[in-house]
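Each remark here refers to the structure printed beneath this line.
The values are calculated or read from the model by the stated rules, or taken from the named source; none is laboratory data. The structure presented is a predicted model; accordingly, all values stated were derived computationally and were not measured. FYI the Cβ positions are ideal-geometry reconstructions off the backbone, even for glycines, and counts take in every protein chain you see.
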Amino acid sequence: MRVEDCKIAKWAQELGTPLYLYDEEVLHDRYHQLRMSLHPSVDIGLSLKANNNISLAARLRRWGSCVEVASMGELHLARLAGFPPERIIFSGPGKTAEELENALEYGIYCINAESFDEVDRIAALAAERKFTAGIGIRINPNMSIVNTAIRMGGLPRQFGIDESSLTAMVKKLKCMPNISFKGIHIYSGTQILDSNQIIKAFNYTINLAKELQIEHGLNFEFIDLGGGFGVPYFSHEKELDIEHVCRETNKLVAEYLQHSPKTRFMIETGRFLLAESGAYVARVLYVKESKGEKFLILDGGMHHHVSSTFRGRTMRNNFPVRLVRSNGTPAQGNLERVNLVGPLCTPEDCLAKDIELPEANAGDYIMLLKSGAYGLSYSPLQFLGHPTPLEALVANGKLSVIRERGDVSDLLRHQYLPKDI
Ligand SMILES: Cc1ncc(COP(=O)(O)O)c(C=O)c1O
């Protein structure tokens, strides 16, 4: 987030808080860094689960990104954001018939199927429509390739089919006239900061494709390498060496293309593209002490930004935080140790614990940085019924609202007031 304090304070005052603020330039640079470093046969797929704001998605589409969706809502959003069908893939272990029908009707490039039953369902739905469905098979590898905290493969998981069942799957696919096999997909885990682990995972996937090609004569139009590119949030974490990742990926891809020049590859990424471009901005409502500790009570909290709390984390680390004075002057002054907490009635609503900040006052703003991914899209918005925060984007120095703030009706939407009580 490259925006100066005086602008943040001015905009926060104008728009109100809490809000998510995105910097287009940071997003643009991130996307282009990746695009310029990767082989042209490797597509970049925006994972909408990391951030489902349509303005951001539409920008990435314009710059050339593909998209990975995982629900009907995301599919709908991708369509509205202008992604053509051939740039959409659909993953997720529990796709409903309705979601699959929509994906087929829109003619998306590939549905990454995650079970035998799902393949049957796709084939049946395609046959009813006299369509041919493009599918990829998501694979849960025989071994854990990466050792990141959140792993999606190599363990008993709901994701993908076991690698040991691949021969049976290939036999099945060969007997299905309404299925066009596109390729395979392995997504091993998220938030990987060690470039060697990512390269190891990509190597594994490409080798598996080669084996399947040799053993079963399969033609690979598409290999979805997954990703899991991480972002350092905490002081002990180091930046992912993305240039190393891209260099080694390009070598693997170039080698594969020698035998199969038309194959396309995809990297799915949400966190790496988006995290750095966004910040969550909340206002200090009250400053109080409790039993020797200082608390800054904010007007925003875990209902908008659960990722910054310690939920589901074994390590109690804090997101990077910036204090912005209410009048936009530089945040100087005595440093003090504080806890940042939200307005919810749970001690889990703690956005940062025991951090050092210049002394803050009611009215000042707190920015949680690196919050452009898994901020709003990952948070329990319904808890306590506060409205959805506003989202705004800075582009070429100008600010625009890209999602209006919700209101009290958010809580009541689609509920019925009983008529008989
Ligand atoms: C299948 C799949 N693809 C892509 C992603 C996006 O991962 P990230 O935001 O870490 O890049 C995830 C995250 O869970 C995923 O499960």
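The table for this structure:
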quantity	calculated
Positions within the range 268-318 being more than 16 Å from the ligand (Cβ to nearest atom), touching a strand residue (DSSP E or B) at 6+ places or on another chain (Cβ under 8 Å) and of a type in the set (S, T, N, Q), in sequence order	T309, N318
Checking Q213 against (1) touching a strand residue (DSSP E or B) at 6+ places or on another chain (Cβ under 9 Å); (2) surrounded by 14 or more Cβ atoms within 10 Å (Cβ to Cβ), the condition it does not meet	(1)
Candidates R35, R30, R62 - the one that is basic (K, R), more than 17 Å from D224 (Cα to Cα), touching a residue at least 12 places away in the same chain (Cβ under 8 Å) and within 16 Å of the ligand (Cβ to nearest atom)	R30
The range 100-143, residues that are surrounded by fewer than 19 Cβ atoms within 10 Å (Cβ to Cβ) and within 26 Å of the chain's Cα centre (by Cα)	E101, N102, E105, Y106, G107, N142, M143
Given (1) more than 10 Å from the ligand (Cβ to nearest atom); (2) at pLDDT below 95; (3) touching a strand residue (DSSP E or B) at 6+ places or on another chain (Cβ under 8 Å), index of the condition G228 fails	(1)
Number of positions in the range 231-247 that are modelled with pLDDT of 95 or more, buried (at least 18 other Cβ atoms within 10 Å of the Cβ) and not aliphatic (A, V, I, L, M)	1
Cβ pairs under 6 Å, 6+ apart, first in the range 410-421 and among the aliphatic types (A, V, I, L, M), second surrounded by 10 or more Cβ atoms within 10 Å (Cβ to Cβ)	L411/G385
Scope the range 386-421; condition at pLDDT below 95 and either buried (at least 18 other Cβ atoms within 10 Å of the Cβ) or not in a loop (DSSP other than H, G, I, E, B) (or both); matching residues	K398, S409, D410, L411, L412
Residue count for the range 231-262, restricted to those that are within 15 Å of the ligand (Cβ to nearest atom), closer than 30 Å to R316 by Cα and not in a loop (DSSP other than H, G, I, E, B)	2
Count of the range 92-120 residues which are polar (S, T, N, Q) and within 14 Å of S180 (Cβ to Cβ)	1
Of residues in the range 328-345 being surrounded by 11 or more Cβ atoms within 10 Å (Cβ to Cβ) and modelled with pLDDT under 95, the one farthest from the chain's Cα centre (by Cα)	G333
Hits in the range 1-33 (condition: touching a strand residue (DSSP E or B) at 6+ places or on another chain (Cβ under 6 Å), in a helix (DSSP H, G or I) and not aromatic (F, W, Y))	D5, I8, A9, A12, L15, E24
Selected residue (criterion: nearest to T269 (Cα to Cα)) from residues of the range 49-94 that are of a type in the set (V, I, T) and touching a Gly at 6+ places or on another chain (Cβ under 7 Å)	V67
Extreme residue, farthest from K370 (Cα to Cα), among residues of the range 249-275 that are surrounded by fewer than 18 Cβ atoms within 10 Å (Cβ to Cβ) and not polar (S, T, N, Q)	H259
Inter-residue pairs, beta-carbon under 7 Å, first over 14 Å from E255 (Cα atoms) and in the range 204-222, second assigned to a helix (DSSP H, G or I) and modelled with pLDDT of 95 or more, 6+ apart	F220/A209
Residues of the range 145-158 that turn out to be within 10 Å of the ligand (Cβ to nearest atom) and either more than 17 Å from the chain's Cα centre (by Cα) or of a type in the set (G, A, S) (or both), as a count	1
Within the range 45-56, tally of residues that are surrounded by fewer than 23 Cβ atoms within 10 Å (Cβ to Cβ) and within 14 Å of the ligand (Cβ to nearest atom)	2
